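Beneath this line is the structure, given in structure tokens, with notes to follow.
Quick note: the coordinates plus some simple rules give every number you see, no bench work behind them. Just so it is clear, the structure is predicted and the values come from calculations on it, not from any experiment. A quick note on method: Cβ atoms are made from the backbone with ideal geometry, for glycine too, and the neighbour counts reach across all protein chains shown.
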Amino acid sequence: MNHLHMTHEEALKAAPAEEPGRQQFFMERCRQLIDEKKMRDETYRGTFHIETFGCQMNARDSEKLTGILEASGFTETDTEEADFVLYNTCTVRDNANQRVYGRLGYLNRIKQKNPNMMIALCGCMMQEETVVAKIKKSYRFVDIIFGTHNIFKLAELISERMDEKKMVVDIWKGTDRIVEELPTDRKYPFKSGVNIMFGCNNFCSYCIVPYVRGRERSRNPQDIVGEIRRLVADGVVEVMLLGQNVNSYGKNLEEPMTFAQLLKEVEAIDGLQRIRFMTSHPKDLSDDLIEAMKNSGKICHHLHLPLQSGSSRVLKAMNRRYTKEQYLELVEKIRAAVPDISLTTDIIVGFPGETEEDFLETMDVVRKVRFDSAFTFIYSKRTGTPAAAMEEQIPEAVVKDRFDRLLSEVQKISAEVCGRDAHTVKDVLVEDLDDHVEGFVTGRLDNNTTVHFKGDASLIGQIVDVYLDESKGFYYMGTLK
Ligand code: SAH
Ligand code: SF4
Ligand code: F3S
């Protein structure tokens, strides 16, 4: 179909109603419009650049957005001096938001030199009404704004913006739809994230994610397994199953199933070598899952198990639904079943009402569990969450002091724990050339620790045996066997 002499209004009428056919129609339209633009204006290259903030979910969304942009006729470039720039934003803590506003000023200066440039914003920040209002008012140079529920519509939104002279804003409050079978372009040929569920129903009292990502929805197991099969056929050896709380996978499916059952189906896929998953909520981690990890030849011996706080009182106020004792028991149970498991965690310091005693409980759990690593965060007040309305927000100086003490403890333990595999041979998935040393490559152990060793680009994507010569605290230096 020739789309060139069609307005967006006419295209809307001509487009199929069903997905993914509808988006394929708009990708085709964008391709034709871009080709025509290139012919008219020889300086126009139709380049795009995506900047991703936030978590693995956003990283995976950006791969889908990349796939759509490529299918729409754009070509990727690694700088923001591009014809289409998209920021996929995060709003989990305020500093993530501030970084986006800061960089928008810089984008505006680039756009003033390139009248062809389009700027688009999407992701979790855009699901907040105050953010969208602020951008409409003070960042008029932005062309397209969309949210977390309709990323599949990118080509349709671009098609609209190419005809209209005004900002295109399309934010959905929520959705129960999951659009399958759209293009994606992976960052790594040999490993991939795979969404198994979207959204979150937990409403931890500090957290904005349930408000910006909507209610929990699980993908059908057939779609997940089908996607992984295709990925494996395309060279993927490691998948990371993604969800805000993978342990509650499958509860809302027409035919409910558990995460442990899903893992068994994924395990059975020939050619797949490693399975990771993120994130596990301690309250839902089942004995079946522990059993599955113990008996599996593919599930990596790494568990990211966010603690958030070691104080049962604070955990209750956070609405985490486990106590300090339950967390410690869970860790014991996992270690008994999988002795070489690597445990990592997230911890928040300075939650409203946190006392010095509460903080010492957190330090106590850190010392007892001895995490391989821990991401430590300063509590950030998120408007609209229950914790934002709590009295007794903690003074900055007190929080900073606790944060520093926690960080130094976490790092000390991490340096001691991470070296435990020194002088053994382990299998390593080679991921990249080493950034620092010429003639070296970087890979990951099953437990997620990085290893640097002599090797060349031909090893990338392979799982190889490496002798771990020396621990450097957070990583190893090794020798290829
Ligand atoms: N679904 C995951 C976490 C997603 S957000 C889970 O439940 O574990 C990633 C981490 O950001 C959280 O584990 C928490 O430690 C941190 N975080 C979330 N909201 C925060 C806030 N308001 N202030 C500081 N850290 C926060
Ligand atoms: Fe946020 Fe809690 Fe959901 Fe994790 S489980 S995304 S911390 S509400
Ligand atoms: Fe951020 Fe959204 Fe992830 S708020 S942490 S990008 S789910």
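Excluding same-chain residues fewer than 8 positions from Lys454, which lysines have a Cα within less than 18 Å of its Cα?
Lys426, Lys472, Lys481
Convert each backbone phi in the stretch 85-93 into a coupling constant with the Karplus relation 6.51 cos²θ - 1.76 cosθ + 1.60 (shift: θ = phi - 60°), then list the ³J(HN,Hα) values in order as whole Hz, x for Gly and Pro.
Each residue of the stretch 85-93 in turn: 10, 10, 9, 9, 8, 10, 9, 5, 9 Hz.
Would you work out the charge dipole size for the stretch 276-409 about its Cα centre, treating the Cβ of every Lys and Arg as +1 and the Cβ of every Asp and Glu as -1, and quote it to the nearest 20 debye?
400
Suppose every Lys and Arg Cβ carries +1 and every Asp and Glu Cβ carries -1, with no other charges. What dipole size does the chain come out with about its Cα centre, to the nearest 20 debye?
960
For the stretch 1-40, what is the convex hull volume of the alpha-carbon atoms per residue, in Å³?
56
If you average over every viewing direction, what projected area does the convex hull of the Cα atoms of the stretch 228-303 give, in nm²?
5.1
Got a sec? Charge dipole of the chain, +1 on Cβ for Lys and Arg, -1 for Asp and Glu; which of Val437, Gln462, Leu241 is way out at the positive end?
Leu241
What's the Cα-based Rg to Rh of the stretch 12-130, Rh via Kirkwood?
1.00
Quick one: what does P(r) look like for the stretch 424-480 with 5 Å bins over all Cα pairs, in whole %?
Taking all Cα pairs of the stretch 424-480, the binned fractions are 5, 24, 38, 25, 8, 0 percent.
Binned at 5 Å from 0, what are the whole-percent values of the Cα-Cα distance distribution for the stretch 154-196, short to long?
Reading upward from the zero bin: 5, 13, 17, 17, 18, 17, 9, 4, 0.
In what sequence, highest mean first, do 458-465, 343-350 appear when ranked by Cβ atoms within 10 angstrom?
The densest-packed peptide leads the list: 343-350, 458-465.
Quick check on the chain: of the DSSP beta bridges with both residues there, what percent are antiparallel, nearest 5%?
Counting only bridges with both partners in the chain, antiparallel ones make up about 35 percent.
What fraction of the Cα pairs in the chain, stated in percent, has a spacing above 36 angstrom?
35
Taking Lys113 as the anchor, which aspartates and glutamates have their alpha carbon closer than 13 Å to its alpha carbon, excluding any fewer than eight residues away along the same chain?
Result set, ordered by chain and number: Glu80, Glu81, Asp83.
Largest first and to the nearest Å, give the Cα extent of the stretch 338-481 along each principal axis.
The Cα atoms of the stretch 338-481 stretch 58, 30, 27 Å along the principal axes, largest first.
If I model a spin label at Asp176 and Gln462 as a point 7 Å from the Cα along the Cα→Cβ vector, what separation in nanometres do I get?
With each label point 7 Å from Cα toward Cβ, the separation is 5.0 nm.
Students often forget the sequence filter, so: which lysines lie under 18 Å Cα-Cα from Lys333 once same-chain residues fewer than 8 apart are removed?
Lys283, Lys294, Lys324, Lys368
In vacuum, with every alpha carbon of the stretch 108-190 counted as one equal point scatterer, what does the Debye formula give for log10 I(q)/I(0) at q = 0.10, 0.17 Å⁻¹? Two decimals, please.
-0.29, -0.79
Given the -39500 (n - 2.57) contribution per DSSP H run of 4+ residues, what per-residue ellipticity at 222 nm results for the chain, rounded to the nearest 500 deg cm²/dmol?
Value at 222 nm, helices only, nearest 500: -11500 deg cm²/dmol.
List every residue whose amide H lies under 5 Å from the amide H of Phe84, counting only residues 5 or more places away in sequence or on a different chain, with H placed 1.01 Å from N in the peptide plane.
Amide H to amide H, under 5 Å and 5 or more residues apart or across chains, Phe84 pairs with Thr47, Phe48, His49, Met118.
Using 0.36 nm per residue of separation minus the Cα-Cα distance, give me the extension gain between Ala415 and Lys333 in nm, one decimal.
27.1 nm
Once the dipole of the chain is set up with Lys and Arg at +1 and Asp and Glu at -1 on Cβ about the Cα centre, which of Ala59, Leu289, Phe351 lies farthest towards its positive end?
Phe351
List the cysteines in the chain whose Cβ has no other cysteine Cβ under 4.7 Å from it.
Isolated Cys, the chain: Cys30, Cys55, Cys90, Cys122, Cys124, Cys200, Cys300, Cys418.
What distance in nm lies between label points placed 7 Å from Cα along the C-beta direction at Lys316 and Lys134?
Going from the Lys316 label point to the Lys134 one covers 3.5 nm.
Taking 0.36 nm per residue of sequence separation and subtracting the Cα-Cα distance, how much length would be gained by fully extending the chain between Asn95 and Ile110, in nm to one decimal?
Fully extending the segment from Asn95 to Ile110 adds 3.1 nm.
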